[in-house]
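The values are calculated or read from the model by the stated rules, or taken from the named source; none is laboratory data. From a predicted model like this one, the values you see are computed outputs, not experimental measurements. Note: ideal-geometry Cβ built from the backbone for every residue, glycine included; neighbour counts use all protein chains shown. All accessible areas refer to the heavy atoms of the entire protein, side chains included, with ligands and DNA or RNA removed. Shrake-Rupley method; radii C 1.70, N 1.55, O 1.52, S 1.80 Å.
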Amino acid sequence: MGLFVSEGAPAALVRGLRSAVKKADAVCEIVTPKIGGVMLDNGDKLEGDEKIDGGPSVLYDAVALVMSEEGAQHLVDDAPSRDFLTDAFAHCKFIAFNEPARAMFEAVGLAGDLDEGCVELTTQKSARAFIDELGPLRYWERETAVDADA
């Protein structure tokens, strides 16, 4: 899973996702806007495995966007950040997001297209539930909406 994290993102949610991925014996790579990583809302520094320009969503089976309001607003006009989301959606990937990350969906015109493959994260428990849903690897029900020859 590619976990795209902005500056000021909620540490508890990041920790919950990482823990759920580890428990599922899967891999979670942290994708950040800058090479140096980000500072989470609790003041902890989170190192990135990939910078957004080099860690596109096409590399991952599923993605999550965990952002702060300010962090999301900073990224809505960033082309690689926008592509991370639009490519994941077009490739029928499961996408988890927290409330501030809705700004990204709005910025790319997908706010009205959220489907069952797009899961809002509110707690660590919802992070575990999201990971438990990833068995099919893709949300194939979306394909006819995003692929003209499907």
Taking Ala9 as meeting all but one of (1) aliphatic (A, V, I, L, M); (2) open to solvent by 10 Å² or more (accessible area, probe 1.4 Å); (3) under 18 Å from Val119 (Cβ atoms); (4) part of a loop (DSSP other than H, G, I, E, B), write down the number of the exception. (2)
Filtering the stretch 59-102 for residues that are farther than 21 Å from Ala24 by Cα and surrounded by fewer than 20 Cβ atoms within 10 Å (Cβ to Cβ) leaves a count of 17
Which one of the conditions (1) within 22 Å of Lys125 (Cβ to Cβ); (2) hydrophobic (A, V, I, L, M, F, W, C); (3) open to solvent by less than 10 Å² (accessible area, probe 1.4 Å); (4) touching a strand residue (DSSP E or B) at 6+ places or on another chain (Cβ under 6 Å) does Val21 fail to meet, given that it meets all the rest? (4)
Which condition number in (1) open to solvent by less than 30 Å² (accessible area, probe 1.4 Å); (2) more than 15 Å from the chain's Cα centre (by Cα) is the one that Leu121 fails? (2)
Somewhere in the stretch 13-26, is a residue assigned to a loop (DSSP other than H, G, I, E, B) and closer than 15 Å to Leu75 by Cβ? no
